[in-house]
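Peer 1: Before I ask anything, here is the structure I am working with.
The values are calculated or read from the model by the stated rules, or taken from the named source; none is laboratory data. Everything numeric in this text was worked out from a predicted model, so none of it was measured. Note: ideal-geometry Cβ built from the backbone for every residue, glycine included; neighbour counts use all protein chains shown. We work out accessible area using only protein heavy atoms, side chains counted, and drop any ligands, DNA or RNA first. Shrake-Rupley method; radii C 1.70, N 1.55, O 1.52, S 1.80 Å.
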Amino acid sequence: VSKSIMSYGYSKDKFEKQIIGYYSFVHNEDAQKLKDEIKIAIKEKRSSFSLVYRVLESNGTIKWVYNRTILLKDYFGNVTHLYGYINDITQMKMDEEELKLRVEYEAQKNIEKDRLLIHQNKLASMGEMLGSIAHQWRQPLNNISLLIHFIRDNFKNEKFRQAAMDDTVNDVKLQIEYMSQTIDDFRNFYQPNKDKNSFNVKDSIVSSYKIVHSQFENEDILVN
């Protein structure tokens, strides 16, 4: 909910704290129409929908709005969020012909706005993914740093034999391989195969857990 909700006499805070629900904002005679449109859009697997309906300002004044909503989906096609905007078209409603022209104009802008909304959602998902990778890499990077310092501090030590050097280098290689494997895990996770086939449930759970286990560890959560 953006701060522009203040133009209808409401505070952004009340919506975010769920003191006011969106359907309380919609005129009671139009609420069911909006619900039906959402159900149809999901059932028909649409990517978006537009609708004109009435809303109530905090003082009870009725306003007409043009609502554009896109359906955000996960990588398996399941709807997870509704994301969109409303425009106050009360003045245009006074003149149906003007409203028709405005809707046509809005329709022309919808494609670009839809792209922007989807792009914003992708950026948010990418940010979450990069955060997870950062969690996964922090420990091996720290280990590599310690191993390098160990080599530096012991390089001139006569007791530091070739075998010790080889063991340390191998440890560094293992850490680097782990980091490389982490990238592959994320790449595979974000490219799901939509073809149906048999798979091992435990392997899938373990694979998913590998991607987020560092966040669990940071919160002292043990997963069995």
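Peer 1: How high is the relative contact order of the chain? Use alpha-carbon pairs under 8 Å, at least six apart in sequence, and give a whole percent. Spell out each step's value before the answer.
Peer 2: Working: 175 pairs, mean separation 26.1, N = 224.
12 percent.
Peer 1: Moving to a separate point now. Expressed in nm to one decimal, what extension gain is obtained for the pair residue 160 and residue 125 from 0.36 nm per residue of sequence separation less their Cα-Cα distance? All intermediate terms of the calculation are to be shown ahead of the outcome.
Peer 2: Details: separation 35, 0.36 × 35 = 12.60 nm, distance 4.70 nm.
Residue separation times 0.36 nm, minus the Cα-Cα distance, leaves 7.9 nm.
Peer 1: Report in % the part of the accessible area of the chain that belongs to carbon and sulfur, leaving out ligands and nucleic acids; probe 1.4 Å.
Peer 2: Ligands and nucleic acids excluded, carbon and sulfur reach 54 percent.
Peer 1: Follow-up question, since we're still on this one. Along Cα→Cβ, 7 Å out, is where each label goes; now give me the distance between the ones at residue 199 and residue 171 in nm to one decimal.
Peer 2: 3.6 nm
Peer 1: Calculate the FRET efficiency for residue 24 and residue 75 from the Cβ-Cβ distance with a Förster distance of 41 Å, rounded to the nearest 0.05. All intermediate terms of the calculation are to be shown ahead of the outcome.
Peer 2: Numbers: r = 33 Å, r/R0 = 0.81.
For R0 = 41 Å, the calculated efficiency reads 0.75.
Peer 1: Between the helical axis of 162-189 and the dominant principal axis of the chain, each derived from Cα atoms, what acute angle in degrees is found, rounded to the nearest 10?
Peer 2: Long axis of 162-189 versus the principal axis of the chain: about 20 degrees.
Peer 1: Compute the helix-to-body angle for 201-218: its Cα long axis versus the longest principal axis of the chain, expressed 0 to 90° and rounded to tens.
Peer 2: Compared with the principal axis, the helix lies near 90 degrees.
Peer 1: List the aspartates and glutamates whose Cα lies under 14 Å from the Cα of residue 210, skipping any in the same chain that are fewer than 8 positions away.
Peer 2: Output for residue 210: 184, 185.
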